[in-house]
1. Given the options Leu21, Leu47, name the one that is of a type in the set (A, V, I, L, M, F, W, C), touching a residue at least 60 places away in the same chain (Cβ under 8 Å) and outside any strand (DSSP E or B).
2. Return only the number of the condition from (1) within 19 Å of Val197 (Cα to Cα); (2) surrounded by fewer than 20 Cβ atoms within 10 Å (Cβ to Cβ) that Val19 does not satisfy.
3. For the range 177-226, name all the residues that are in a strand (DSSP E or B) and either within 18 Å of the chain's Cα centre (by Cα) or surrounded by 19 or more Cβ atoms within 10 Å (Cβ to Cβ) (or both).
4. If Ala114 satisfies every condition in (1) under 26 Å from Lys44 (Cβ atoms); (2) crowded, with 19+ Cβ neighbours inside 10 Å but one, which is the exception?
5. Given the conditions (1) more than 19 Å from the chain's Cα centre (by Cα); (2) at pLDDT 95 or above, which single one is not true for Val19?
6. If you go through the range 58-112, how many residues are over 15 Å from the mean Cα position of the chain (by Cα) and on the phi > 0 side of the Ramachandran plot?
7. Which residues, taken from the range 51-77, are of a type in the set (A, V, I, L, M), touching a residue at least 24 places away in the same chain (Cβ under 8 Å) and surrounded by 15 or more Cβ atoms within 10 Å (Cβ to Cβ)?
8. Among the residues of the range 136-147, is any closer than 25 Å to Gly41 by Cβ, of a type in the set (Gly, Ala, Ser) and loosely packed, with under 14 Cβ neighbours inside 10 Å?
Amino acid sequence: MLEVDSLSKSFPTPAEPLVVLEGITFTAKAGDRLVVTGPSGSGKSTLLAIIGGLEPPTAGRVCLNGVDPYQLTPADRAHFRNQQIGMVFQEHHLLESCTALDNVLLPVIASGNANAEQVSRAQELLVRVGLAGRQGHLPAELSGGERQRVAVARAAMLSPTVLLADEPTGQLDSQSAAGVMDLLTTLVDEVSGLLVVVTHDTAVAEQVASHSQGRQLRMLDGRLVS
């Protein structure tokens, strides 16, 4: 399902290129649960952005479900990302003028109007993240943790086979964090998909790695060290 081969990423600077990733190689299959850990600045979020089709690599290759997204046109890559990948960012990135329900429906609305079945799924997802009574609220009317849970529901809206989560529990208390991680795992299990989580939270890392198909990847200075 996922092949990362000799992946590198650098950014130009006035002096010399800033190397963020160097020689990253690993594979993962349907059902796997990967957790990526490491200190700040080790390249974890950049790796997730490249896997998610958001940031092209400087060298190397990413292949998701047999497709290299960076060989597609920008429009086709956006469509591929919409249909195949769900992503939970460090910041919720909700549209402030849209309700919680509308924000969950954004992946659908990007391709046209939502039908009754899709609206029902969005409502169900909000119930599952504990926001049954907040569907009509704007992001400004929600707490930070509630906004992040809306973002989790949005990422799962189209039942993606690859779900990427960058510090998904950073604004949640320990009990809510465990619940959100359980939900992420359940949502991925429902489609026999792949979950990749970047986190500093040792409890979250242990929760993901303890899965029967769990595995931890540790990064340091842009390289995999374990």
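The values are calculated or read from the model by the stated rules, or taken from the named source; none is laboratory data. None of these values were measured; they are calculated from a predicted model. As a convention, Cβ positions derive from the backbone with ideal geometry for all residues, glycine included, and neighbour counts pool all protein chains shown.
1. Numbers: Leu21 fails: outside any strand (DSSP E or B).
Matching residue, one of Leu21, Leu47: Leu47.
2. (1)
3. Initial filter on the range 177-226 (in a strand (DSSP E or B)): 194-198, 214-220, 223-224.
Answer for the range 177-226, where residues must be in a strand (DSSP E or B) and either within 18 Å of the chain's Cα centre (by Cα) or surrounded by 19 or more Cβ atoms within 10 Å (Cβ to Cβ) (or both): Leu194, Leu195, Val196, Val197, Val198, Gly214, Arg215, Gln216, Leu217, Arg218, Met219, Leu224.
4. Of the numbered conditions (1) under 26 Å from Lys44 (Cβ atoms); (2) crowded, with 19+ Cβ neighbours inside 10 Å, the odd one out for Ala114 is (1).
5. Only one criterion is unmet by Val19, namely (2).
6. Residues meeting the conditions: 4.
7. Step one: of the range 51-77, the residues of a type in the set (A, V, I, L, M) are 51, 54, 59, 62, 64, 67, 72, 75.
Narrowing further to those that are touching a residue at least 24 places away in the same chain (Cβ under 8 Å): 51, 54, 59, 62, 64.
Listed by number, the residues that qualify are Ile51, Leu54, Val62, Leu64.
8. First, the residues of the range 136-147 that are closer than 25 Å to Gly41 by Cβ: 144.
From what is left, the residues that are of a type in the set (Gly, Ala, Ser) are 144.
From what's left, loosely packed, with under 14 Cβ neighbours inside 10 Å: 144.
The answer is yes, given that some residue of the range 136-147 is closer than 25 Å to Gly41 by Cβ, of a type in the set (Gly, Ala, Ser) and loosely packed, with under 14 Cβ neighbours inside 10 Å.
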